[in-house]
1. Does region 230-250 contain any residue that is within 16 Å of the ligand (Cβ to nearest atom), open to solvent by 70 Å² or more (accessible area, probe 1.4 Å) and aromatic (Phe, Trp, Tyr)?
2. Which one of Thr206, Thr253 is touching a strand residue (DSSP E or B) at 6+ places or on another chain (Cβ under 6 Å), open to solvent by 60 Å² or more (accessible area, probe 1.4 Å), away from the ligand (no atom under 16 Å from the Cβ) and over 25 Å from Pro89 (Cβ atoms)?
3. How many residues does region 426-441 hold that are within 32 Å of the chain's Cα centre (by Cα) and within 15 Å of Ile327 (Cα to Cα)?
4. (1) within 19 Å of Asn448 (Cα to Cα); (2) open to solvent by 30 Å² or more (accessible area, probe 1.4 Å); (3) part of a loop (DSSP other than H, G, I, E, B); (4) not hydrophobic (A, V, I, L, M, F, W, C): which one isn't true of Ser308, the others all being true?
5. Count, please, the residues in region 353-389 that happen to be within 16 Å of the ligand (Cβ to nearest atom) and touching a helix residue (DSSP H, G or I) at 6+ places or on another chain (Cβ under 6 Å).
6. Looking at region 350-384, which of its residues are open to solvent by less than 40 Å² (accessible area, probe 1.4 Å), in a loop (DSSP other than H, G, I, E, B) and touching a strand residue (DSSP E or B) at 6+ places or on another chain (Cβ under 9 Å)?
Amino acid sequence: MVKICCIGAGYVGGPTMAVIALKCPSVEVAVVDISVPRIDAWNSDQLPIYEPGLDDVVKECRGRNLFFSTDVEKHVSEADIVFVSVNTPTKTQGLGAGKAADLTYWESAARVIADVSKSNKIVVEKSTVPVKTAEAIEKILTHNSKGIKFQILSNPEFLAEGTAIKDLFNPDRVLIGGRETPEGQKAIQALKDVYAHWVPEDRILTTNLWSAELSKLAANAFLAQRISSVNAMSALCEATGANISQVAYAVGTDSRIGPKFLNGSVGFGGSCFQKDILNLVYICECNGLPEVAEYWKQVIKINDYQKSRFVNRVVASMFNTVSSKKIAILGFAFKKDTGDTRETPAIDVCKGLLGDKARLSIYDPQVTEDQIQRDLTMKKFDWDHPLHLQPMSPTTVKQVTVVWDAYEATKDAHGICILTEWDEFKTLDYQRIYEGMQKPAFVFDGRNIVDAEKLREIGFIVYAIGKPLDAWLKDMPAIA
Ligand code: NAI
């Protein structure tokens, strides 16, 4: 029986391994982590992450051929294939601070593999890593190997949170990079055999190691670039009277461009896009390509611009101050159908409003008060470390309350900011909400999900990203 071990039981390690266990009953899969609460949660009825469909998959396999454990050494030593899916945060200190990937966790995982291995192993990079990481990992493993042979593969993960199970069941492609030696090719084949249990062969792409590593960074950079492109256009739409939805539809019907990922919004978030682009920028700079680095940097700059533009719209519309005004924040997760708040645009928007002394009442169907307080007090990039190693702030933000109902959040509020596109926000009783609010009552739709015309009929003043401006907003300056 093939034994797989995955180091790192996070958003990637947990769901990917659960799906491998489901689709390959003949493979034994152990997911290990240094975080005891995380493993306890994976072994409980309350999984540590919210992902549609995940509960069913885990319930079916857990205890059969899927195991969650903190005994990293035992499971690594027994495995034929070791996936590494640990955090790869952005460095906050030293060489490359603010851009380069911090490979501390990766390196320590590699050292454990080298220390405890008693048989040859295939080591698979699942985390997103800088190009040429495999070379460094190979060196750590071979210099500590005591004669054991390791083959390194790059198998980056392309799942999207919120649709992870669907994506894993039916991936656009699985990418496997390896050495172009006979041993490297044999290792690629062994991993291919695992995926071939459910992924059609023509969707399993094989490349050299460096192409696979770079393809993941490139794919995320392209996706983020689409969002920044459409958001850059949204600013121009507001200035000219064009409508971003109409422009995006007209652009997206060109088959060379395609319709996906063209929604104007308050900006992208999530654990990967910004981190991976910063990483790409750093790699370009290190390779003497400053023009290429500058090009990709702009994608992040536009994203930051979009968030501050949104805050400025809110403040400018409400008579240039939100001091002591209650503002309801609907949605805090970086997108719908996940509880993940890493790099969510809501953090910067809330911080911007708090900077102008607003009082915030926040509601998100999947995010806890504790998480929101942590996010609003944590320093940049600190979120991307194992939970028990994250520095805790001794304070909480007093002007913030977190409630479990959109109606409670909006009661007596002066304005509403919609920051996540949760379906339930489309069908709220806005008439009832309007009646409970201070007047004039404002809605700032950062996701373009409400029917602005209907809301205007009720009496709201509405701002929707990239849409023709309400007469109220036309004379208000909103330059970031
Ligand atoms: P995560 O933070 O949810 O999980 C990482 C886990 O690794 C944590 O539970 C941590 O305790 C554990 N860990 C760290 N060092 C360890 C060690 N030495 N031994 C054992 N466990 C250790 O992170 P997530 O989101 O799963 O991301 C993992 C990697 O996958 C990152 O490189 C990320 O960029 C990449 N990725 C993430 C995607 C996403 O949608 N979240 C998608 C594709 C790639």
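1. Taking every residue of region 230-250 in turn, none turns out to be within 16 Å of the ligand (Cβ to nearest atom), open to solvent by 70 Å² or more (accessible area, probe 1.4 Å) and aromatic (Phe, Trp, Tyr).
2. Thr206
3. Qualifying residue count, region 426-441: 1.
4. Going through the list (1) within 19 Å of Asn448 (Cα to Cα); (2) open to solvent by 30 Å² or more (accessible area, probe 1.4 Å); (3) part of a loop (DSSP other than H, G, I, E, B); (4) not hydrophobic (A, V, I, L, M, F, W, C), Ser308 breaks only (3).
5. The qualifying residues number 1.
6. Ala358, Asp364, Val367, Phe381
Table: residues versus (1) at pLDDT 95 or above; (2) under 22 Å from Glu238 (Cβ atoms); (3) not in a loop (DSSP other than H, G, I, E, B).
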{"site": "Trp404", "(1), (2), (3)": "no, no, no"}
{"site": "Thr427", "(1), (2), (3)": "yes, no, no"}
{"site": "Ile433", "(1), (2), (3)": "yes, no, yes"}
{"site": "Phe444", "(1), (2), (3)": "yes, yes, yes"}
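Per-residue answers, yes or no, for (1) more than 10 Å from the ligand (Cβ to nearest atom); (2) at pLDDT 95 or above:
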residue: Lys3; (1), (2): yes, yes
residue: Gly8; (1), (2): no, yes
residue: Ile20; (1), (2): yes, yes
residue: Glu28; (1), (2): yes, yes
residue: Asn43; (1), (2): yes, yes
residue: Ile49; (1), (2): no, no
residue: Leu54; (1), (2): yes, yes
residue: Ser69; (1), (2): yes, yes
residue: Ala79; (1), (2): yes, yes
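The values are calculated or read from the model by the stated rules, or taken from the named source; none is laboratory data. Given the structure is predicted, the values throughout are model-derived calculations rather than measurements. Note that we place each Cβ from the backbone using ideal geometry, even for glycine, and neighbour counts take in every protein chain shown. Note: areas computed on protein heavy atoms with side chains; ligands, DNA, RNA excluded. Shrake-Rupley method; radii C 1.70, N 1.55, O 1.52, S 1.80 Å.
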